[in-house]
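My questions all concern the structure below.
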Amino acid sequence: MVSVLKSLQDALGSEYVSDEDFMTYAYARGIDSALPANPPDFVVKPGTTEEVAEIMRIANEFKLPVVPRGGGCCLTGGSKPIEKGGILLDTTRMHRIINIDENTLTVTVEAGITWAELNNKLNELGYYTGNLGPGSGMSAVVGGGLSHHSVGGGGGAKYGTCTEHVVALEVVLPTGQIINTGSNASIYTKEPFCRHGFGPDLTGLFLGDNGLLGVKTRATLEIFPRPKYHAAKTFTIEEPSAENAAKIWLAWRKKGDLGIYDSQWWPLIMVLGLQLLLDVPPVKPWVGLQKAVFWYTMETETEEQLEANLKIVDQICKEHGCTEMGPELKDGNIAKWHYEEQGHWLNWHSLWGGMGPGSIPLTTEHHAAIHRVPYISQKLDEWEAAHRAELDANGGMQTGISTAILCGHTTVEVDSGLLAWDKPEYREKNLELWKSQIEMLLREGAMPYMVGEMYSKGLIDTEAFNGTYYAFLREVKQSLDPNRILSPGKFYL
């Protein structure tokens, strides 16, 4: 390993390479509580695309696995080694904004920049990314978001996942070669402006790949002007609240573009939990509230548009059991806080330690069609009933659906999972229960939000893919990564 260390130090400088135990163990786990700690042999922090390419060449020479990592926010084992050893490649030194182009309405960034840092700069100029990234956007980076189709921050209902706005990528392939995709594929293109046009959409190979097929080093994203007017409304919603929320969302979509920027349904269990956990002004009036909550934010370019759309949206809400809480934060309007006070990057943090110090969620969040949300809620209740004794024995809690978030078109991000105690004696059973719920949801047609280790293996264990699909994925992986060094173990590859 001495020769490996020297090669890496020669490529990056000794200050950006470490084989010290305290450093490798810091990267050995993610932020779940069940997957085992697997320390790498080396942690490297490249500063340029060329340095990433050199790391990959060294890894191929010595046949060492490489795991790329951004902010480390994946909740399903996507940003940690599945096995011990190899190289952990931390991209967070690469966080520059390369260019903001107001002629093509794009921004080009290094993939290690956080969503918060990027959008804070864009906001100064009156823009934002189409989706503000995940709820962990103050530490989650652009490269990680693109690796698993992030949504769940601001703008999901209006713009969909963050990957829908990618114009071009710069990617280091597992062999160390560098590829540019989208409009950057041609040496004659003057600037990145369009993803499609040079044949097959190779950009798509590296979106949602969970670091399996390449290391994203730069990305060009579409940016959008922030509309001048907005409204933010919060309601209580009558039971059956899952059915009512689904009916509202589908009715909105059938009316076309109503300017809905975000919308979320919070079942009673979430409302009760937030009264204890989330110390923000709009939740204080909720004390004692025994109803589910439904809210939305809307954006338009004119006051006339806003008023016209509000009439349509509010009438649909009223028809399905919604009662408005009030227009101001002090009246319980969490929609206003979410939109105006950066609540999209604050409210999820309350879930950590939701049962007290030492507890942590084991997420099974996923995507589903709007109309299937009530059914998924029912299946989660049935799963809990079947596993109640095991949960009680571990002191754990099945949360069912904690939140459902409207995404682009007719897709909903369903936040589900377990709350568990992070104790060594519980980890084996926690892992078993976590795997069981993931497999149940996959068999019910769920599409993973974060694939990582847990969902990628679950897809294979449940035989979700037909033989041809999985064989094709294996062939693509083998072609791009003949030594099988990049993110080994995901999808059992």
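The values are calculated or read from the model by the stated rules, or taken from the named source; none is laboratory data. Quick caveat: nothing in here was measured; it's all calculated off a predicted structure. A quick note on method: Cβ atoms are made from the backbone with ideal geometry, for glycine too, and the neighbour counts reach across all protein chains shown. Just the protein is used for accessible areas: all its heavy atoms, side chains included, with ligands, DNA and RNA removed. Shrake-Rupley method; radii C 1.70, N 1.55, O 1.52, S 1.80 Å.
At a probe size of 1.4 Å, how large is the accessible area of ASP41, to the nearest 10 Å²?
About 60 Å², ignoring ligands and nucleic acids.
Using the Karplus curve 6.51 cos²θ - 1.76 cosθ + 1.60 with θ = phi - 60°, work out ³J(HN,Hα) for each residue of the range 466-476 in order, rounded to whole Hz, and write x for Gly and Pro.
The phi angles translate into 6, x, 5, 4, 5, 5, 5, 4, 4, 5, 4 Hz.
Which residues does the label zone of LEU5 cover in the range 24-48, counting backbone N under 11 Å from a point 7 Å along Cα→Cβ?
42
On a full-extension model of 0.36 nm per residue, what is the gain between ALA389 and THR462, subtracting their alpha-carbon distance, rounded to one decimal in nm?
Using 0.36 nm per residue and subtracting the Cα-Cα distance, I get 23.9 nm.
Related question: Report the gain in length on full extension from PHE472 to GLU20: 0.36 nm times residue separation, minus Cα-Cα distance, nm rounded to one decimal.
158.8 nm
Okay, next question. Please report the antiparallel percentage of the DSSP beta bridges confined to the range 1-158, to the nearest 5.
50 percent
Tell me whether the range 1-113 comes out rounded, prolate or oblate; compute the Cα gyration tensor, take square roots of the eigenvalues as a ≥ b ≥ c, and use a/c under 1.5 as the rounded threshold.
It comes out oblate by the Cα gyration axes.
Just the accessible area for ASP10, please: 1.4 Å probe, Å², rounded to the nearest 10?
Counting only protein heavy atoms, ASP10 exposes about 110 Å² to solvent.
In nm, give the distance between the simple-model label positions of LYS84 and HIS371, each being 7 Å from the Cα along the Cα-to-Cβ direction.
5.2 nm
Can you give the net charge of the other residues whose Cβ lies under 10 Å from the Cβ of LEU493, counting K and R as +1 and D and E as -1?
+3
Can you give the longest run of the chain that contains no chymotrypsin sites (Phe, Trp or Tyr not before Pro) sitting in a DSSP loop with at most 16 other Cβ atoms inside 10 Å?
Longest stretch, sites excluded: 1-187.
Counting Lys and Arg as +1 and Asp and Glu as -1, what is the net charge of the other residues whose Cβ lies under 15 Å from the Cβ of GLY137?
The answer is -3.
Taking θ as phi - 60°, what are the ³J(HN,Hα) couplings along the range 424-435 by the Karplus curve (6.51, -1.76, 1.60), each to the nearest whole Hz, with x for Gly and Pro?
Each residue's phi maps through the Karplus curve to give x, 6, 9, 5, 5, 5, 4, 5, 5, 5, 4, 4 Hz.
For the chain, what is the mean residue ellipticity at 222 nm derived from helices alone (per DSSP H run of n ≥ 4: -39500 (n - 2.57); sum divided by total residues; nearest 500 deg cm²/dmol)?
When only DSSP H runs of four or more count, the value is -9500 deg cm²/dmol.
Report the residues of the range 71-102 in range of a label on GLU117: point 7 Å along Cα→C-beta, backbone N strictly under 14 Å from it.
Correct set: 71-72, 90-99.
Any of LYS379/LYS423; LYS158/LYS423; LYS6/LYS429; LYS423/LYS477; LYS121/LYS379; LYS429/LYS490 with alpha carbons more than 31 Å apart? Name them for me.
LYS158/LYS423; LYS6/LYS429; LYS423/LYS477; LYS121/LYS379
How large is the accessible surface per residue of the chain, computed with a 1.4 Å probe and reported in Å² as a whole number?
41 Å²
In nm, to one decimal, how far is the SER479 label point from the LYS284 one, both placed 7 Å along Cα→Cβ?
6.0 nm
Another question, if that's okay. With the dipole of the chain worked out from charges on the C-beta (+1 for Lys and Arg, -1 for Asp and Glu) around the Cα centre, which of SER436, HIS344, LEU88 lies farthest toward the positive end?
SER436
Right, another one. If you take the square roots of the eigenvalues of the alpha-carbon gyration tensor of the chain and sort them as a ≥ b ≥ c, do you get rounded (a/c under 1.5), prolate (a/b over b/c) or oblate?
Note, shape of the chain comes out oblate.
Moving to a separate point now. Can you tell me which aspartates and glutamates have their Cα less than 20 Å from the Cα of LYS291? Leave out same-chain residues fewer than eight positions away.
GLU238, GLU239, GLU243, ASP279, ASP314, GLU319, GLU324, GLU328, ASP331, ASP381, ASP415
Next up: Tell me, how many Å apart are the Cα centres for the range 164-231 and for the range 255-293?
Spelled out, the Cα-based centre of one part sits 35 Å from the other.
Less than 15 Å Cβ to Cβ from SER33, Lys/Arg counted +1 and Asp/Glu -1: what total charge do the surrounding residues give?
So the surrounding residues net to 0.
For the residue pair LYS330 and MET355, what label-to-label distance in nm results when each label sits 7 Å from Cα along the Cα-to-beta-carbon direction?
About 3.9 nm separates the two model spin labels.
Per residue of the range 204-221, in order, report the coupling 6.51 cos²θ - 1.76 cosθ + 1.60 (Karplus, θ = phi - 60°) as ³J(HN,Hα) in whole Hz, putting x for Gly and Pro.
Result, ordered by residue: x, 4, 9, 9, x, 7, 6, x, 7, 10, x, 9, 6, 10, 9, 9, 10, 10 Hz.
Kindly give the semi-axes, whole Å and largest first, of the ellipsoid equivalent to the range 88-243, taking each as the square root of 5 times a Cα gyration tensor eigenvalue.
Largest first, the range 88-243 gives 28, 18, 15 Å.
Are there any trypsin sites (Lys or Arg not before Pro) in the range 124-220 that are in a DSSP loop and have at most 16 other Cβ atoms within 10 Å? List them by number.
Of the trypsin sites (Lys or Arg not before Pro), the ones in loops of the range 124-220 whose Cβ has at most 16 other Cβ atoms within 10 Å are LYS190.
Compare LEU391, LEU431 by solvent-accessible area with a 1.4 Å probe and give them largest first, with all protein chains kept in place.
LEU431, LEU391
How do SER33, SER377 rank by accessible surface area computed with a 1.4 Å probe, from largest to smallest?
Descending order: SER377, SER33.
Hey, another quick one. If you roll a 1.4 Å probe over the range 134-179 with all protein chains in place, what percent of the accessible area is carbon or sulfur?
56 percent
Using 0.36 nm per residue of separation minus the Cα-Cα distance, give me the extension gain between ASN99 and ASP381 in nm, one decimal.
96.7 nm
To the nearest Å, what is the center-to-center distance of the range 79-100 and the range 350-398, using C-alpha atoms only?
What the calculation gives is 30 Å, centre to centre.
In square angstrom, rounded to the nearest 10, how much accessible surface does ARG372 have for a 1.4 Å probe?
80 Å²
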